[in-house]
Structure formats: C-alpha cells, structure tokens
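In what follows, a single structure is set out as structure tokens and then discussed.
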Amino acid sequence: MEPIAFSYSDIHKTVAELAERIQASGFAPEAIVAIGSGGYIPARIMKTYLLVPIYTVGISLYLEDKTTLPSPRKIQWLDEVEKKLTGKRILLIDEVDDSRTTLEYCIRELLRHQPAKLGVAVLHNKQKEKKGVIPGEVAAYWAGRELPNAWIKYPWDAVEIDVHELNARNQEQPTAL
C-alpha cells in the first residue's frame with residue numbers, strides 16, 4: 001500500500017472535528033498532555049479550540065534506524081507538573097494509534113497520578129491488530145480518522161514542505177474502513 005500524506009490543512013480540519021466531538025461528548029478537559037514528538041502540533045491546534053494548557057511528554061519506541069525498542073522509554077516526562085494533573089480531567093493527544101504501545105504506556109503512567117478523568121485523542125487510528133490496550137479507566141477515546149495500515153507521512157516530518165503539500169493535495173485520500 002502506498003504511503004498516505006496529509007497536509008497541514010488536513011491536520012487542522014481533523015483536529016477541529018475532533019474538538020467538536022470532544023466538546024459534544026461533555027468531556028471537558030482541564031489540561032492537554034501531548035505525546036512528543038508527533039502529538040505536539042495536533043495538541044497545539046487542539047488548544048485553539050479547547051483553551052486549556054498543554055503539557056508534553058517525550059516517549060521513544062523507535063531507534064534512529066527505525067527498529068522498535070522492546071518497550072517505550074521516557075525521553076522527557078512531566079516530573080513536577082504531574083502533581084498539577086492529580087484530580088484533573090486530562091486529554092492525552094498523539095498523532096497516530098499504530099501499535100498502541102506508546103499510548104498504553106503513557107496512559108498507565110498518567111493514571112498513576114490519579115486524574116479525575118482521562119480521555120485519549122489521536123488524529124489517525126490504523127485499522128490493525130494492536131499490541132497495547134486502552135485500559136478501562138480511560139473515560140473516552142476519539143480518533144479523527146480511521147485508516148488502513150499504511151505508512152503515514154505528516155507535514156512536520158517533511159524536508160521539502162512544498163513537495164509534501166503538493167503530494168498530499170494530489171493523492172486520493174483513503175476512505176474509512
């Protein structure tokens with residue numbers, strides 16, 4: 001299957017739709033936690049709609065050669081900020097739910113700090129078997145789009161943004177499964 005490329009406009013529109021769904025659900029987050037590096041930009045766009053502070057965590061599941069580590073490892077964590085999240089409604093954001101390993105790791109770490117509620121939002125959910133699980137303590141899960149199991153090319157990973165944006169505009173977008 002060919003890679004799927006998304007433009008910044010595609011991403012912004014997907015986040016706007018996610019924000020509407022989150023607000024309509026009644027889940028009113030008091031803070032956003034972005035999983036870096038892919039969740040940084042979607043989280044910042046989400047802040048435009050939800051008007052809550054953003055905190056960031058850095059988690060690595062891949063080495064520079066694109067091989068997978070046995071389990072996620074912390075690159076950057078919330079440390080002192082964790083205390084500010086206790087008893088709050090938190091929205092965890094990442095760009096893609098691929099194997100679900102990183103999401104599960106972050107969810108379990110955040111749950112240790114006893115949020116009032118924890119919701120998860122991803123831009124894209126790959127329709128494939130997952131290695132990780134969404135624990136039952138998670139109040140809600142939202143995916144902006146359901147996608148086939150293909151390589152996703154995000155604009156923030158592009159070296160030549162004009163070429164990336166042109167390719168994203170000219171490709172046929174996959175339909176939801």
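Please go through the stretch 140-168 and pick out each residue that is out of contact with any His (no Cβ under 9 Å at 6 or more places or on another chain), more than 30 Å from residue 116 (Cβ to Cβ) and not in a loop (DSSP other than H, G, I, E, B).
156, 161, 162, 163, 164, 165, 166, 167, 168
Quick one: residue 49 ticks every box in (1) in contact with a helix residue (DSSP H, G or I) (Cβ under 8 Å, 6 or more places away or on another chain); (2) within 24 Å of residue 98 (Cβ to Cβ) except a single one, so which number is it?
(2)
How many residues does the stretch 44-53 contain that are surrounded by 15 or more Cβ atoms within 10 Å (Cβ to Cβ), farther than 13 Å from residue 14 by Cβ and not charged (D, E, K, R)?
Going through the stretch 44-53 one residue at a time, the tally reaches 2.
Kindly indicate which of 22, 54, 11, 35 is touching a Gly at 6+ places or on another chain (Cβ under 9 Å) and at pLDDT below 95.
35
For the stretch 14-51, which residues satisfy the criterion of being basic (Lys, Arg) and under 17 Å from residue 118 (Cβ atoms)?
Scanning the stretch 14-51 gives a single hit, 21.
The values are calculated or read from the model by the stated rules, or taken from the named source; none is laboratory data. Computed from a prediction, not measured in an experiment: that's the story for all the values here. When we count neighbours, we look across all protein chains shown, and the Cβ atoms used for this are built from the backbone with ideal geometry, even at glycine.
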